[in-house]
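Right, one structure below, let's go through it.
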Amino acid sequence: MDIDNLKIILKVAEFSSINKASLSVYKTQSQVSRIVRDFESLLDEEVFERSTRGVHPTEEGKEILTYCEKIVSLYDEMCALHKEKSITDYHGAIDIYTTINIHSTMSEIIATFSNTYPNIAINYKTMAQEDVITSVQENPHAIGAFPQIYTESGAPYYDIPDYLTFTEYLHTPIVAQCNEKSKVAQKYKSLSAKTLTTLPLIDFNPYRTGASFTATLLQLMGIDSPIFQYSTDDLRVLQTLISKGSGIYIGISPSLKLLGDNIALIPIRNKIKVSFGSLVQKDNKNDLVALFQRFLADWYTKIY
């Protein structure tokens, strides 16, 4: 039982809900439930009692949670002391190139990184996938946060030049995002490509230089001429359309924190896969780029 899992146990107690705790730590309900079960099994004690009113600590659980709080507090105090000594060692600026999509947690990652390393200035630019590759090629001290698509044959869709290195942090499924009370959410537990051709789709394309990420995914599924009922380049408009049940957006599994409570995710039955990672030049020796790569890797390890 590690510190991160103890923090999740405390989140369950804080929210009195497995669901709310899972949303706050970017994990599924089943993952959080398993962590709670493993914790209770480790102690051979029932820490929480479940009822229609939620999840609440037992009398024994309250005492156990007190020790959990002390352990986590001491750990955080130790880490804070270490960070105070180490963060001042880093100065300078870093160029980060990434894409915009509803799944992106990059804004939160960068905010957390900036708070952790206040002496590092970040030059952050968003652009199309192809432009991320080009920009990293041209800037030896840059890092790209990049989603790679793999076709049914397993071949990568975006060609990465030999002198760039793509490091993967997670694989994520392609899903349909729609209003949880919509007919689609009520009718389908998963969707086929054929079904998608009959549904009102939303195209999200903040870049007008080429095909949108949505259109690219659909075309790789065999939908050569997707019919979009709505098209937008504004993330807020996209989420509003989904929330109101006006249409369906096809993308990769997002951070649940970025979605409204009334948005459902429906998996798509397809062999197309997407991974997310960082893109740097192979001979990159920039300490700040390496630092941000480690930060990304740690972030995705904890979140996913």
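The values are calculated or read from the model by the stated rules, or taken from the named source; none is laboratory data. These numbers were taken from a predicted model, which means no experiment stands behind them. Here Cβ is always computed from backbone atoms with ideal geometry, including for glycine, and neighbour counts include all displayed protein chains. Side chains included, ligands, DNA and RNA excluded: accessible areas come from the protein's heavy atoms. Shrake-Rupley method; radii C 1.70, N 1.55, O 1.52, S 1.80 Å.
Below are the figures for this structure:
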quantity: Cross-link partners of Lys285 among lysines (Cα-Cα below 30 Å; sequence separation of 8 or more within a chain); calculated: Lys83, Lys85, Lys125, Lys302
quantity: Thr216 paired with Tyr67, simple spin-label distance in nm, labels 7 Å along Cα-to-beta-carbon; calculated: 5.1
quantity: Relative contact order %, the chain, counting alpha carbon pairs below 8 Å whose residues are six or more apart; calculated: 22
quantity: Cross-link pairs beyond the 22 Å C-alpha cut-off, checked among Lys7/Lys70; Lys181/Lys271; Lys181/Lys273; Lys7/Lys62; Lys27/Lys273; Lys27/Lys189; calculated: Lys181/Lys271; Lys181/Lys273
quantity: Loop-exposed GluC sites (Glu not before Pro) per DSSP, neighbour cap 14 Cβ within 10 angstrom, longest uninterrupted part of the chain; calculated: 153-304
quantity: Using a Förster distance of 22 Å, the FRET efficiency for Thr151-Lys244 (Cβ separation, nearest 0.05); calculated: 0.05
quantity: Segment 92-247, relative contact order [Cα under 8 Å, separation at least 6], %; calculated: 20
quantity: DSSP loop trypsin sites (Lys or Arg not before Pro) with at most 15 other Cβ within 10 Å: longest gap in the chain; calculated: 54-180
quantity: Per residue solvent-accessible surface (Å²) - the chain, probe of 1.4 Å; calculated: 52
quantity: Of all accessible heavy-atom area on the chain, the percent that carbon and sulfur account for (1.4 Å); calculated: 50
quantity: Accessible surface ranking that places the most exposed of Thr198, Thr214 first, with a 1.4 angstrom probe; calculated: Thr198, Thr214
quantity: Furthest towards positive pole of dipole, Gln239, Pro226, Thr66, structure part the chain, Cβ charges; calculated: Pro226
quantity: Theoretical FRET efficiency, 1/(1+(r/R0)^6), r = Cβ-Cβ of Ser192 and Ser41, R0 41 Å, to 0.05; calculated: 0.55
